[in-house]
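The values are calculated or read from the model by the stated rules, or taken from the named source; none is laboratory data. Computed from a prediction, not measured in an experiment: that's the story for all the values here. Here the Cβ is made from the backbone with ideal geometry for all residues, glycine too, and neighbour counts use every protein chain on show. Side chains included, ligands, DNA and RNA excluded: accessible areas come from the protein's heavy atoms. Shrake-Rupley method; radii C 1.70, N 1.55, O 1.52, S 1.80 Å.
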Amino acid sequence: MIGIFDSGIGGLTVVRAFMEQMPGYDIVYFGDTARTPYGNKSPETVVKYALENTDFLLSKGAKIIVMACNTASSVATEKMAERFDVPIFEVITPAVELAIKTSGKSGIGVIGTMATINSGIYEKKIKQANPDARVYSFPCPLLVPLVEEGWLNKPETRMIVKKYLHPLKVRQINTLILGCTHYPILKKIIQQKIGKRVNIIDSSIAVVGKVKAFLENHVEVDSMLYKKGECRFFVSDVTEQFKKTAKDILKRTVILEHVRI
Ligand code: DGL
């Protein structure tokens, strides 16, 4: 099984990308809805959660782990690699690689949670790949709660997205990284507000490409993964809103299993 976790609903954008690009692979998902959001927590707390979530997914039979969460990816990648000996994938590097390919000499914008932006990880990785790159990063802390609440097309949400994107609009970027897996759910609004000439990089899609390439080169790992098209969805708190938004994202009814982490 491919084990995927996030603080809540956002990682389902990664599940959706797996279903589209690697259909048939069994998935076990964990959404840490009892402890969401991660974006305003300290790095120590997020690392602790990431390790616990991974222990849980491994106990359910996951053979590879995808941190479908930029916040966890930005602070926990090293500790995860130290602790576990299964392949671990984070969402930041794949998004940076795609952004570098498309941005040319123009600026790259990054939006994410407070923890992700404060970690400076995107800026660091982009500058490593291209020292001349102009990078502008901004936190958008209200977007995760809006998505978790299912406020996907409310005028208030559109207004907040517009306000958050204003500093990027005036900096003439041509590439915008959605540095939070919740944000692809608002992609349409984000595209409208940033302008159609800006290329949006969705970390949820980027990471699947990485996993696919890895499995093509590691058949010994690929052969351990079941391919019966089964998906199990675990959450640390069951809410009606999660069920509703999950259905909107995956276009199917999702059966939630409650687990105490
Ligand atoms: N979806 C997550 C991310 O990509 C977590 C957001 C949060 O819990 O604050 O950062």
Among (1) farther than 17 Å from PHE18 by Cβ; (2) open to solvent by less than 90 Å² (accessible area, probe 1.4 Å); (3) part of a loop (DSSP other than H, G, I, E, B); (4) of a type outside the set (A, V, I, L, M), the one test that THR181 misses: (1)
Selection within the stretch 209-251 - more than 23 Å from LYS60 (Cα to Cα), of a type in the set (S, T, N, Q), in contact (Cβ under 8 Å) with a residue 60 or more places away in the chain and surrounded by fewer than 18 Cβ atoms within 10 Å (Cβ to Cβ): GLN241
Selected residue (only one of GLN191, GLN172 is without any contact (Cβ under 8 Å) to a residue 12 or more places away in the chain, open to solvent by 50 Å² or more (accessible area, probe 1.4 Å) and within 22 Å of TYR122 (Cα to Cα)): GLN191
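State which residue is most open to solvent (accessible area, probe 1.4 Å) when the search covers only the stretch 6-47 and only residues that are among the β-branched types (Val, Ile, Thr) and not in a loop (DSSP other than H, G, I, E, B).
Step one: list which residues in the stretch 6-47 are among the β-branched types (Val, Ile, Thr), which gives 9, 13-15, 27-28, 33, 36, 45-47.
Those still in the list that are not in a loop (DSSP other than H, G, I, E, B) too: 13-15, 27-28, 45-47.
On the way: THR13: 1, VAL14: 0, VAL15: 0, ILE27: 4, VAL28: 1, THR45: 41, VAL46: 1, VAL47: 24 Å².
Within the stretch 6-47, the match that is most open to solvent (accessible area, probe 1.4 Å) is THR45.
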Considering residues of the stretch 106-131 that are out of contact with any strand residue (DSSP E or B) (no Cβ under 6 Å at 6 or more places or on another chain) and touching a residue at least 24 places away in the same chain (Cβ under 8 Å) only, the residue surrounded by the fewest Cβ atoms within 10 Å (Cβ to Cβ): ALA129
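Considering every residue within the stretch 63-71, establish whether at least one is part of a helix (DSSP H, G or I), touching a Cys at 6+ places or on another chain (Cβ under 7 Å) and of a type outside the set (Gly, Ala, Ser). Steps first, answer last, please.
Of the residues in the stretch 63-71, the ones part of a helix (DSSP H, G or I) are 70-71.
If we keep only those that are touching a Cys at 6+ places or on another chain (Cβ under 7 Å) too, we end up with 70.
Add one more test, that the residue is of a type outside the set (Gly, Ala, Ser), and what stays is 70.
Yes: the stretch 63-71 contains one or more residues that are part of a helix (DSSP H, G or I), touching a Cys at 6+ places or on another chain (Cβ under 7 Å) and of a type outside the set (Gly, Ala, Ser).
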ILE88 vs. criteria of a type in the set (A, V, I, L, M) and farther than 30 Å from MET224 by Cα: no
